[in-house]
Amino acid sequence: MSIRTICCIGAGYVGGPTMAVIADRCPGIQVTVVDLNQARIDAWNDPDLSKLPVYEPGLDAVVGRCRGRNLHFSTAVEPAIAAADMVFLSVNTPTKTKGVGAGQASDLRWIEASARQVAACAQGHTIVVEKSTLPVRTAETVKAILSAAQDVLPGGGEPKSFAVLSNPEFLAEGTAIPDLESPDRVLIGGEDPQAIESLAGVYGQWVPQERILRTNLWSSELSKLTANAFLAQRISSINSIAALCEATGADVQEVAHAIGADNRIGSKFLKAGPGFGGSCFQKDILNLVYLCGYYGLHKVAAYWQSVVELNDWQQHRIARLVVQSLFGTLTGKRIAVLGFAFKADTNDTRETPAIRICQDLLEEGARLAIYDPKVVESQIAKDLSCSTDPDLWHCVPSPDQAVVGADAVLVLTEWSIFADLDWAHIASRMRHPAWVFDTRLIINQSAARAAGLNVWSVGIG
Ligand SMILES: NC(=O)c1ccc[n+]([C@@H]2O[C@H](COP(=O)([O-])OP(=O)(O)OC[C@H]3O[C@@H](n4cnc5c(N)ncnc54)[C@H](O)[C@@H]3O)[C@@H](O)[C@H]2O)c1
């Protein structure tokens, strides 16, 4: 079946960029991205491309080329499903907060709701693609919901039929567009060879065939959880060694370089920092932990749980270090926080290490002046679960304004502009003795030291 119309349910960090690239690379396919969130859809349709709800380098240009041509954003979910040959489910799957599996299992209520919508509105044969990251065997649930609709023949019309595929997304925020345009691999899991080839035909319009991997449904679902668990494990591993470097006089950058030169290890994802963030790593590992526990593999569950625990520890460790360095108390002291997003080149703050670190500092009585080039103040207010209070924390429009009268600068995101800060100028605006805490190994340390600042850098003993 050659695909002519696609509907994607969920216009978030995955649905938006993924569908924009599909529309860009497949001009013969009409792509409609639908969402219940009117404000989000309005932002995707904003004539000013700098106001798209997701910040990703290069995304504005792709949307600018396709929107209105073969890329559409809408809240009209039902007609978009009815018209589609293929429906992607790209809805959120956060960790459950209550009930069975709370704190570990994924909350599948949005997947279930969108599968029910597809069951109700689809017409003819529809290929349903799980794009969200899902626990292994979720496709069974999706299939059960769809097959209940399959049995009901709409008054005299053509019977509905469905095929379900798993097609997890491996893009990384901050590099989503190059990741989508030139993926290391595309993974398609399924049982229906025709459906698999239909989806492979979409990707095949720009991805070389040898990079399109075909597996069974369960391998595909599990591969996504496993990929994120392995990536997060590398971050926790290098952060554990960073702490040891600090204690022993070693330099984590030198250690990372030395071990990364071994091609069995590889050089990527060996950067020490304040811990991993983003909506996926923690949630997907916890999901894996839950699955292992469910299948009685308690040792395996504990092994992966420790990756998350080390990440939590690293964030609290950094906050404690700040307190200790500033004579054991932060009461009334001003700290300039540079960067709030969980990584550079995104406006996403979900699970950002900045949340926990800032909360720890606020609890110690610090006053925070926060600067991030892309995160809006209302988002930070939500994340810190406290309304804007200039006496506690506030946002400022530049690093320069953050540092006035500050006792410390805390760099939490590796935005490239932080590599070029003028430390002599910054030092002249701070209260002394003054500190810089570089959790990303991004600043010019020698310039900061030369300006008379005390410098702490993660992993440097
Ligand atoms: N963010 C990433 O980097 C990334 C990478 C790979 C995979 N994933 C996975 O992709 C999935 C989506 O992640 P995201 O970051 O795009 O989430 P998101 O929260 O940014 O977007 C999800 C969107 O789905 C919408 N939605 C929920 N239920 C709906 C329904 N019934 N009808 C219409 N719209 C509905 C929400 O309003 C929201 O806008 C998750 O499972 C996530 O684990 C995310």
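Just one residue in the set LEU231, LEU225, LEU217, LEU286 is surrounded by 14 or more Cβ atoms within 10 Å (Cβ to Cβ), in contact with an Asp or Glu (Cβ under 6 Å, 6 or more places away or on another chain), aliphatic (A, V, I, L, M) and within 24 Å of PRO135 (Cα to Cα); that residue is LEU225.
Being surrounded by fewer than 22 Cβ atoms within 10 Å (Cβ to Cβ), closer than 21 Å to LEU321 by Cβ and under 24 Å from the mean Cα position of the chain (by Cα): is that true of LEU412 here? It is false that LEU412 is surrounded by fewer than 22 Cβ atoms within 10 Å (Cβ to Cβ), closer than 21 Å to LEU321 by Cβ and under 24 Å from the mean Cα position of the chain (by Cα). Residues in region 1-12 that are more than 10 Å from the ligand (Cβ to nearest atom) and of a type in the set (Gly, Ala, Ser): SER2 alone.
Any residue at all in region 295-303 that is buried (at least 22 other Cβ atoms within 10 Å of the Cβ) and outside any loop (DSSP other than H, G, I, E, B)? The answer is no; no qualifying residue exists. Checking each residue in region 86-102 for being open to solvent by 20 Å² or more (accessible area, probe 1.4 Å), within 30 Å of SER198 (Cα to Cα) and not polar (S, T, N, Q) picks out VAL91, PRO94. Of all positions in region 50-58, none carries a residue that is touching a Cys at 6+ places or on another chain (Cβ under 6 Å) and within 13 Å of the ligand (Cβ to nearest atom).
Among the residues of region 155-164, some residue qualifies, meaning at least one is touching a strand residue (DSSP E or B) at 6+ places or on another chain (Cβ under 9 Å) and open to solvent by less than 10 Å² (accessible area, probe 1.4 Å).
Among residues of region 334-348 being surrounded by fewer than 24 Cβ atoms within 10 Å (Cβ to Cβ) and not basic (Lys, Arg), the one that is farthest from the ligand (Cβ to nearest atom) is ALA344.
For ARG40, indicate whether it is at pLDDT 95 or above, charged (D, E, K, R) and away from the ligand (no atom under 14 Å from the Cβ). For ARG40, the condition - at pLDDT 95 or above, charged (D, E, K, R) and away from the ligand (no atom under 14 Å from the Cβ) - is not met. Scanning region 120-143 turns up one or more residues that are modelled with pLDDT of 95 or more, surrounded by fewer than 18 Cβ atoms within 10 Å (Cβ to Cβ), assigned to a helix (DSSP H, G or I) and within 12 Å of the ligand (Cβ to nearest atom). Cβ contacts < 6 Å: first residue among the polar types (S, T, N, Q), restricted to region 94-120; second residue more than 10 Å from the ligand (Cβ to nearest atom), any location; separation 6+ or different chain. Result? Every condition considered, the pairs that remain are THR95/LEU286; GLN104/LEU286; GLN104/VAL289; GLN104/TYR290; SER106/PRO135. Residues in region 13-35 that are within 9 Å of the ligand (Cβ to nearest atom) and either open to solvent by less than 10 Å² (accessible area, probe 1.4 Å) or in contact with a helix residue (DSSP H, G or I) (Cβ under 7 Å, 6 or more places away or on another chain) (or both): 6 in all. Here PHE437 does not fit the description of being in contact with a strand residue (DSSP E or B) (Cβ under 6 Å, 6 or more places away or on another chain) and in a helix (DSSP H, G or I). Screening region 423-439 for residues that are in contact with a helix residue (DSSP H, G or I) (Cβ under 8 Å, 6 or more places away or on another chain) and open to solvent by 30 Å² or more (accessible area, probe 1.4 Å) and picking the one that is nearest to CYS358 (Cα to Cα) gives TRP435. A single member of ILE196, ILE188 is open to solvent by less than 50 Å² (accessible area, probe 1.4 Å), within 17 Å of MET1 (Cα to Cα) and away from the ligand (no atom under 16 Å from the Cβ), and it is ILE196.
Residue count for region 197-243, restricted to those that are in contact with a strand residue (DSSP E or B) (Cβ under 8 Å, 6 or more places away or on another chain), under 18 Å from LEU171 (Cα atoms) and among the hydrophobic types (A, V, I, L, M, F, W, C): 6. Considering only region 59-67, I want to know if a residue exists there that is within 16 Å of the ligand (Cβ to nearest atom) and open to solvent by 10 Å² or more (accessible area, probe 1.4 Å). No, there is no match, as no residue in region 59-67 is within 16 Å of the ligand (Cβ to nearest atom) and open to solvent by 10 Å² or more (accessible area, probe 1.4 Å). Look at region 440-455 and say how many of its residues are in contact (Cβ under 8 Å) with a residue 60 or more places away in the chain and either in a loop (DSSP other than H, G, I, E, B) or crowded, with 19+ Cβ neighbours inside 10 Å (or both). Count: 2.
The values are calculated or read from the model by the stated rules, or taken from the named source; none is laboratory data. This structure is a prediction, so every number in the text was calculated from the model and none was measured. Note: ideal-geometry Cβ built from the backbone for every residue, glycine included; neighbour counts use all protein chains shown. Accessible surface areas use protein heavy atoms only, side chains included; no ligands, DNA or RNA. Shrake-Rupley method; radii C 1.70, N 1.55, O 1.52, S 1.80 Å.
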